[in-house]
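Read the structure below first, then the notes.
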Amino acid sequence: MARKRSRRSRSAHENHDRWLITYADLITLLLIFFIIMYAMSQIDIKKYDTLAKSLQLEFHRADSIIEMGSGLEGGTDVAKYESPPPSASPSPSASADLEAEIARRREQALQDVLKVIETYVKENKLQQDVFVGDTPQGIAIRLSDRFLFDLGKADLKPDARPALDKLSSLFTKLDTTISIQGHTDNLPIQPGSAFRDNWGLSSGRALSVLRYFVDTRKLPEKIFEIAGYADTRPVAANDTEANRQKNRRVEILVVRQPEGSA
């Protein structure tokens with residue numbers, strides 16, 4: 001009886017370890033399977049490159065590139081069917097740099113105009129009748145009415161034309177708006193005047209300056225704008241003749257473009 005129990009125990013132990021053989025076979029088969037899959041997954045770079053170019057050209061052309069060559073394995077003349085270059089689209093940083101450069105050049109042009117006018121005024125001793133300054137809005141050129149017009153009239157004096165000629169030669173170099181603004185004192189218009197009130201006088205004087213630039217000097221109309229403000233924007237109190245003389249003026253503003261405009 002003891003011998004039979006020992007034989008059964010030995011047999012049970014041997015049967016318990018046999019699954020390791022099957023497990024080892026399974027692992028071996030899985031290893032082989034993954035090796036095959038890995039080998040199949042390797043891409044022929046040359047073929048892939050040819051295929052990619054073919055697909056790209058097919059999307060950009062109506063005819064087929066494969067008909068013009070020897071297929072994916074052959075020497076297709078890809079250079080003959082180059083795809084169109086991508087549209088130029090500047091990056092945000094490049095656009096910002098371009099805008100900054102345009103603004104810098106425009107500002108430099110304004111400063112050049114300022115220097116030239118200051119020199120002209122000084123050389124021709126026009127300090128009493130012509131004032132030029134740099135303002136946040138732009139380069140302001142203030143012309144006294146006694147320099148431009150007779151009292152209560154809007155016809156340009158001949159003596160004013162050389163100065164306007166000098167300004168017109170500078171305006172042709174600018175890429176900006178030029179605003180011509182007429183101003184008067186607060187005294188009412190005298191009877192018999194061609195104008196009903198100071199609104200008409202200030203507007204008429206601004207228009208006369210505009211007409212000289214456009215009709216005589218042949219500057220483009222699109223760069224100008226005009227306005228008549230009558231006595232609503234004085235630069236001095238209208239309490240003395242000297243102060244009223246300051247208020248009777250035509251201002252030419254070479255407009256500084258707003259920040260960020262092109």
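Bear in mind these aren't lab numbers, they're just calculated from the coordinates by the rules spelled out. Computed from a prediction, not measured in an experiment: that's the story for all the values here. Using ideal geometry, Cβ is built from the backbone for each residue, glycine included, and neighbour counts are taken over all protein chains shown.
How much net charge surrounds L187 when only other residues with a Cβ under 14 Å from its Cβ are counted (Lys, Arg +1; Asp, Glu -1)? Before the final figure, lay out the partial values.
Numbers: positive: R244, K246, R248; negative: D145, D185, D197, D231, D239, E241.
Taking every Cβ under 14 Å from that of L187, the sum is -3.
What distance in nm separates the two pseudo spin-label positions at N124 and R217, each 7 Å out from Cα along the beta-carbon direction?
Each label point lies 7 Å from its Cα, and together they span 1.0 nm.
Using R₀ = 41 Å, calculate the FRET efficiency as 1/(1 + (r/R₀)^6) where r is the Cβ-Cβ separation of K166 and I102; round to 0.05. Please report the intermediate quantities before stating the final value.
Details: r = 26 Å, r/R0 = 0.64.
Using R0 = 41 Å, I get an efficiency of 0.95.
Could you sort out which of K125/K166; K122/K246; K115/K166; K125/K218; K157/K218; K115/K218 sit more than 22 Å apart by Cα distance in this structure?
K125/K218; K115/K218
A236 to L29: extension gain in nm, 0.36 nm per residue of separation minus the Cα-Cα distance?
Numbers: separation 207, 0.36 × 207 = 74.52 nm, distance 10.29 nm.
Here the segment from A236 to L29 would lengthen by 64.2 nm.
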